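> Attaching a single structure in C-alpha coordinates format; questions to follow.
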Amino acid sequence: MELAFERRGTGEPLILIHGIGHHWQGWLPVMDRLAAARTVIAVDLPGFGVSPALPDRIPYTAESLADAVESFCALLGVREPHVAGNSLGGYIALELASRGVVRTATALSPAGFWSRSELLYCQAMLRALRASARSLPPEQLARTAENRYLRAVSAGVLVAHPTRLDPTALIAATQALGRAAGFDETLESFGGLMPPAPPKSPITIAWGEHDRLLLRRQAVRAARWSGQRVKLLKGCGHVPMSDDPELVARVILET
(Lines give C-alpha, C1' and ligand atoms only; values in the text may rest on other atoms or scores of the structure.)
Protein backbone atom coordinates (compact mmCIF):
# COMPACT_ATOMS: atom_id res chain seq x y z
CA MET A 1 0.00 0.00 0.00
CA GLU A 2 0.98 3.61 -0.50
CA LEU A 3 1.06 5.06 3.00
CA ALA A 4 1.94 8.50 4.34
CA PHE A 5 5.36 8.57 5.95
CA GLU A 6 8.29 10.70 7.07
CA ARG A 7 11.88 9.66 6.30
CA ARG A 8 14.99 11.00 8.05
CA GLY A 9 18.62 10.03 8.57
CA THR A 10 20.99 7.49 7.05
CA GLY A 11 21.98 3.94 7.92
CA GLU A 12 20.07 0.70 8.32
CA PRO A 13 16.31 1.21 7.85
CA LEU A 14 14.08 1.50 10.93
CA ILE A 15 10.28 1.53 10.53
CA LEU A 16 8.28 3.27 13.30
CA ILE A 17 4.64 2.25 13.83
CA HIS A 18 2.20 4.26 15.95
CA GLY A 19 -0.69 3.04 18.10
CA ILE A 20 -4.44 3.08 17.46
CA GLY A 21 -5.80 6.55 16.76
CA HIS A 22 -2.34 8.09 16.57
CA HIS A 23 -0.20 9.20 13.63
CA TRP A 24 3.46 9.15 12.63
CA GLN A 25 4.07 12.50 14.32
CA GLY A 26 3.86 10.75 17.69
CA TRP A 27 7.46 9.69 17.06
CA LEU A 28 8.77 13.22 16.53
CA PRO A 29 10.36 13.51 20.02
CA VAL A 30 12.70 10.60 19.21
CA MET A 31 13.09 10.76 15.43
CA ASP A 32 16.21 12.91 15.23
CA ARG A 33 17.93 10.86 17.92
CA LEU A 34 17.18 7.69 15.97
CA ALA A 35 18.06 9.30 12.63
CA ALA A 36 21.61 9.86 13.86
CA ALA A 37 22.13 6.09 13.52
CA ARG A 38 19.36 4.82 11.21
CA THR A 39 17.32 5.69 8.16
CA VAL A 40 14.10 6.29 10.07
CA ILE A 41 10.74 5.86 8.34
CA ALA A 42 7.72 6.76 10.49
CA VAL A 43 4.51 5.61 8.85
CA ASP A 44 0.78 6.36 9.16
CA LEU A 45 -1.13 3.07 9.27
CA PRO A 46 -4.03 2.64 6.80
CA GLY A 47 -7.05 4.58 8.00
CA PHE A 48 -4.98 6.64 10.44
CA GLY A 49 -3.19 9.96 10.09
CA VAL A 50 -3.42 10.92 6.44
CA SER A 51 -2.96 7.43 4.98
CA PRO A 52 -5.83 6.07 2.86
CA ALA A 53 -8.23 3.55 4.35
CA LEU A 54 -7.93 -0.16 3.70
CA PRO A 55 -9.85 -1.43 0.67
CA ASP A 56 -13.48 -2.28 1.47
CA ARG A 57 -12.93 -6.04 1.32
CA ILE A 58 -10.14 -6.02 3.91
CA PRO A 59 -11.10 -5.88 7.62
CA TYR A 60 -9.18 -3.78 10.11
CA THR A 61 -7.18 -6.18 12.27
CA ALA A 62 -3.67 -6.11 13.64
CA GLU A 63 -2.75 -8.78 11.10
CA SER A 64 -4.13 -6.87 8.10
CA LEU A 65 -2.36 -3.71 9.28
CA ALA A 66 0.86 -5.74 9.56
CA ASP A 67 0.25 -6.93 6.00
CA ALA A 68 -0.02 -3.28 4.93
CA VAL A 69 3.27 -2.37 6.62
CA GLU A 70 4.98 -5.35 5.02
CA SER A 71 3.63 -4.36 1.59
CA PHE A 72 4.66 -0.75 2.22
CA CYS A 73 8.25 -1.84 2.91
CA ALA A 74 8.28 -3.89 -0.29
CA LEU A 75 6.99 -0.88 -2.22
CA LEU A 76 9.88 1.23 -0.88
CA GLY A 77 12.37 -1.53 -1.61
CA VAL A 78 13.18 -1.90 2.10
CA ARG A 79 14.07 -5.49 2.97
CA GLU A 80 14.32 -6.80 6.53
CA PRO A 81 14.25 -3.44 8.31
CA HIS A 82 14.45 -2.90 12.01
CA VAL A 83 10.98 -2.05 13.32
CA ALA A 84 9.68 -0.39 16.47
CA GLY A 85 6.09 0.15 17.50
CA ASN A 86 3.98 1.46 20.35
CA SER A 87 0.74 -0.10 21.61
CA LEU A 88 -1.04 -1.50 18.52
CA GLY A 89 2.17 -0.65 16.66
CA GLY A 90 4.08 -2.72 19.20
CA TYR A 91 1.88 -5.71 18.46
CA ILE A 92 2.44 -5.19 14.73
CA ALA A 93 6.21 -5.08 15.32
CA LEU A 94 6.02 -8.43 17.15
CA GLU A 95 3.80 -9.88 14.41
CA LEU A 96 6.39 -8.91 11.79
CA ALA A 97 9.11 -10.51 13.94
CA SER A 98 6.98 -13.67 14.10
CA ARG A 99 6.91 -13.69 10.30
CA GLY A 100 10.68 -13.30 10.18
CA VAL A 101 10.50 -10.36 7.78
CA VAL A 102 12.30 -7.83 10.01
CA ARG A 103 15.86 -7.73 11.31
CA THR A 104 14.82 -6.77 14.86
CA ALA A 105 11.64 -5.59 16.57
CA THR A 106 11.10 -3.30 19.56
CA ALA A 107 7.63 -3.24 21.11
CA LEU A 108 6.72 -0.45 23.56
CA SER A 109 3.70 -1.46 25.70
CA PRO A 110 2.36 -3.77 22.96
CA ALA A 111 -1.32 -4.64 22.74
CA GLY A 112 -2.55 -8.21 23.06
CA PHE A 113 -1.26 -9.30 26.48
CA TRP A 114 -4.36 -8.32 28.43
CA SER A 115 -6.87 -10.27 30.49
CA ARG A 116 -10.54 -10.02 29.53
CA SER A 117 -11.22 -7.30 32.11
CA GLU A 118 -8.10 -5.36 31.07
CA LEU A 119 -9.20 -5.53 27.43
CA LEU A 120 -12.65 -4.16 28.26
CA TYR A 121 -11.06 -1.38 30.33
CA CYS A 122 -8.71 -0.50 27.46
CA GLN A 123 -11.55 -0.40 24.93
CA ALA A 124 -13.71 1.74 27.23
CA MET A 125 -10.90 4.24 27.82
CA LEU A 126 -10.09 4.50 24.13
CA ARG A 127 -13.75 4.99 23.20
CA ALA A 128 -13.97 7.79 25.77
CA LEU A 129 -10.83 9.47 24.40
CA ARG A 130 -12.19 9.17 20.86
CA ALA A 131 -15.58 10.62 21.85
CA SER A 132 -13.88 13.54 23.57
CA ALA A 133 -11.63 14.18 20.57
CA ARG A 134 -14.62 14.26 18.21
CA SER A 135 -16.73 16.52 20.40
CA LEU A 136 -14.21 19.25 21.28
CA PRO A 137 -14.61 22.46 19.23
CA PRO A 138 -11.29 23.79 17.88
CA GLU A 139 -11.18 26.74 20.28
CA GLN A 140 -11.80 24.51 23.30
CA LEU A 141 -9.18 22.03 22.12
CA ALA A 142 -6.65 24.88 21.85
CA ARG A 143 -7.47 26.05 25.39
CA THR A 144 -7.08 22.51 26.71
CA ALA A 145 -3.72 22.05 25.04
CA GLU A 146 -2.36 25.37 26.33
CA ASN A 147 -3.54 24.90 29.94
CA ARG A 148 -1.25 22.56 31.88
CA TYR A 149 -4.03 21.34 34.19
CA LEU A 150 -6.49 20.63 31.39
CA ARG A 151 -3.66 19.00 29.45
CA ALA A 152 -3.05 16.67 32.39
CA VAL A 153 -6.73 15.66 32.45
CA SER A 154 -6.94 15.06 28.70
CA ALA A 155 -3.63 13.24 28.23
CA GLY A 156 -2.92 11.73 31.64
CA VAL A 157 -4.11 8.27 30.61
CA LEU A 158 -1.55 8.11 27.81
CA VAL A 159 1.55 9.90 29.14
CA ALA A 160 3.16 10.16 32.55
CA HIS A 161 4.22 13.80 32.06
CA PRO A 162 1.52 15.75 30.17
CA THR A 163 3.42 19.01 30.76
CA ARG A 164 6.17 17.72 28.47
CA LEU A 165 3.72 17.44 25.59
CA ASP A 166 4.00 20.20 23.03
CA PRO A 167 0.56 21.89 22.86
CA THR A 168 0.64 21.93 19.06
CA ALA A 169 1.47 18.22 19.01
CA LEU A 170 -1.39 17.49 21.42
CA ILE A 171 -3.85 19.38 19.22
CA ALA A 172 -2.69 17.49 16.12
CA ALA A 173 -2.84 14.12 17.90
CA THR A 174 -6.35 14.81 19.20
CA GLN A 175 -7.53 15.76 15.73
CA ALA A 176 -5.93 12.61 14.29
CA LEU A 177 -7.75 10.51 16.88
CA GLY A 178 -11.09 12.12 16.08
CA ARG A 179 -10.69 11.69 12.32
CA ALA A 180 -9.20 8.18 12.15
CA ALA A 181 -11.38 6.21 9.73
CA GLY A 182 -9.97 2.88 10.88
CA PHE A 183 -10.40 3.46 14.61
CA ASP A 184 -13.74 1.85 15.42
CA GLU A 185 -13.26 -1.35 13.46
CA THR A 186 -9.69 -1.77 14.68
CA LEU A 187 -10.74 -1.27 18.30
CA GLU A 188 -13.54 -3.82 17.90
CA SER A 189 -11.04 -6.34 16.50
CA PHE A 190 -9.06 -6.19 19.74
CA GLY A 191 -11.59 -8.64 21.20
CA GLY A 192 -10.05 -11.43 19.14
CA LEU A 193 -6.43 -10.36 19.45
CA MET A 194 -4.08 -13.01 20.80
CA PRO A 195 -0.30 -12.86 21.18
CA PRO A 196 1.42 -13.61 17.86
CA ALA A 197 3.39 -16.75 17.08
CA PRO A 198 6.90 -17.04 18.58
CA PRO A 199 9.28 -14.52 17.01
CA LYS A 200 11.83 -15.53 14.37
CA SER A 201 13.74 -12.27 14.75
CA PRO A 202 15.40 -10.73 17.86
CA ILE A 203 12.94 -8.67 19.88
CA THR A 204 12.86 -6.27 22.81
CA ILE A 205 9.69 -5.53 24.77
CA ALA A 206 9.59 -2.46 27.03
CA TRP A 207 6.76 -1.20 29.23
CA GLY A 208 6.02 2.19 30.70
CA GLU A 209 6.36 2.21 34.47
CA HIS A 210 3.24 4.37 34.74
CA ASP A 211 1.22 2.91 31.86
CA ARG A 212 -2.42 3.67 32.73
CA LEU A 213 -3.96 2.17 29.59
CA LEU A 214 -2.24 -1.20 29.21
CA LEU A 215 -1.44 -1.77 32.84
CA ARG A 216 2.10 -2.65 33.77
CA ARG A 217 1.20 -6.15 35.01
CA GLN A 218 0.60 -7.12 31.38
CA ALA A 219 4.38 -6.98 30.98
CA VAL A 220 4.58 -10.19 33.02
CA ARG A 221 2.51 -12.03 30.38
CA ALA A 222 4.62 -10.50 27.62
CA ALA A 223 7.73 -11.76 29.40
CA ARG A 224 6.31 -15.29 29.61
CA TRP A 225 5.37 -15.20 25.94
CA SER A 226 8.78 -13.94 24.84
CA GLY A 227 10.83 -16.02 27.26
CA GLN A 228 12.80 -12.96 28.28
CA ARG A 229 12.68 -10.15 30.79
CA VAL A 230 10.71 -7.07 29.75
CA LYS A 231 12.50 -3.74 30.14
CA LEU A 232 10.86 -1.15 32.37
CA LEU A 233 10.69 2.42 31.03
CA LYS A 234 11.04 4.35 34.27
CA GLY A 235 9.01 7.52 34.55
CA CYS A 236 7.10 6.77 31.33
CA GLY A 237 3.46 6.21 30.47
CA HIS A 238 1.72 4.29 27.70
CA VAL A 239 3.04 6.56 24.92
CA PRO A 240 6.58 7.06 26.22
CA MET A 241 8.17 9.03 23.39
CA SER A 242 7.45 12.45 24.91
CA ASP A 243 7.99 11.29 28.51
CA ASP A 244 11.65 10.36 27.99
CA PRO A 245 12.84 10.62 24.38
CA GLU A 246 16.45 9.75 25.25
CA LEU A 247 15.49 6.53 27.07
CA VAL A 248 13.10 5.42 24.33
CA ALA A 249 15.65 6.07 21.59
CA ARG A 250 18.32 4.18 23.51
CA VAL A 251 16.08 1.13 24.01
CA ILE A 252 15.22 1.04 20.31
CA LEU A 253 18.82 1.41 19.14
CA GLU A 254 20.10 -1.18 21.64
CA THR A 255 17.75 -3.74 20.10
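> Which residues, taken from segment 213-241, are open to solvent by less than 20 Å² (accessible area, probe 1.4 Å) and either at pLDDT below 95 or not in a loop (DSSP other than H, G, I, E, B) (or both)?
Passing the criteria: Q218, A219, A222, L233.
> Let me ask another. Out of all the residues in segment 103-110, is one or more closer than 24 Å to L65 by Cβ and either at pLDDT below 95 or surrounded by fewer than 20 Cβ atoms within 10 Å (Cβ to Cβ) (or both)? Write out each step before concluding.
Narrowing segment 103-110 to residues closer than 24 Å to L65 by Cβ: 103-110.
Now narrow it down to the ones that are either at pLDDT below 95 or surrounded by fewer than 20 Cβ atoms within 10 Å (Cβ to Cβ) (or both): 103.
Among the residues of segment 103-110, at least one is closer than 24 Å to L65 by Cβ and either at pLDDT below 95 or surrounded by fewer than 20 Cβ atoms within 10 Å (Cβ to Cβ) (or both), which makes the answer yes.
> A further question on this structure: Y149 is checked against (1) open to solvent by less than 20 Å² (accessible area, probe 1.4 Å); (2) aromatic (F, W, Y); (3) without any contact (Cβ under 8 Å) to a residue 24 or more places away in the chain and fails just one. What number does that condition carry?
(1)
Here is a yes/no grid of residues against (1) part of a helix (DSSP H, G or I); (2) open to solvent by 10 Å² or more (accessible area, probe 1.4 Å):
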site	(1), (2)
E63	yes, yes
F72	yes, no
A84	no, no
L94	yes, no
S117	yes, yes
A124	yes, yes
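Quick grid of which residues meet (1) touching a helix residue (DSSP H, G or I) at 6+ places or on another chain (Cβ under 8 Å); (2) assigned to a loop (DSSP other than H, G, I, E, B); (3) of a type in the set (S, T, Y):
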| residue | (1), (2), (3) |
| --- | --- |
| I58 | yes, yes, no |
| A68 | no, no, no |
| E80 | no, yes, no |
| Y91 | yes, no, yes |
| S98 | no, no, yes |
| A105 | yes, no, no |
| L120 | no, no, no |
| R130 | yes, no, no |
| A142 | yes, no, no |
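> Going through A155, A206, A249, A160 one at a time, which residue ends up being crowded, with 18+ Cβ neighbours inside 10 Å, under 16 Å from L126 (Cβ atoms) and within 16 Å of the chain's Cα centre (by Cα)?
Exactly one residue qualifies, and that residue is A155.
Residues are listed down the side, and each one gets a yes or a no for (1) touching a residue at least 40 places away in the same chain (Cβ under 8 Å); (2) hydrophobic (A, V, I, L, M, F, W, C):
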position: P52; (1), (2): yes, no
position: L75; (1), (2): yes, yes
position: E118; (1), (2): yes, no
position: E139; (1), (2): no, no
position: V153; (1), (2): no, yes
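> Hey, can you tell me all the residues within segment 54-73 that are of a type outside the set (A, V, I, L, M) and either in contact with a Lys or Arg (Cβ under 8 Å, 6 or more places away or on another chain) or free of Cβ contacts under 8 Å to residues at least 60 places away in the same chain (or both)?
P55, D56, R57, E63, S64, D67, E70, C73, listed by residue number.
The values are calculated or read from the model by the stated rules, or taken from the named source; none is laboratory data. Bear in mind that the values here come from a model prediction, so they are computed numbers and not experimental data. Reconstructed Cβ throughout: ideal geometry from the backbone, glycine too, with neighbour counts over all protein chains shown. Only protein heavy atoms, including side chains, enter the accessible area calculation; ligands, DNA and RNA are left aside. Shrake-Rupley method; radii C 1.70, N 1.55, O 1.52, S 1.80 Å.
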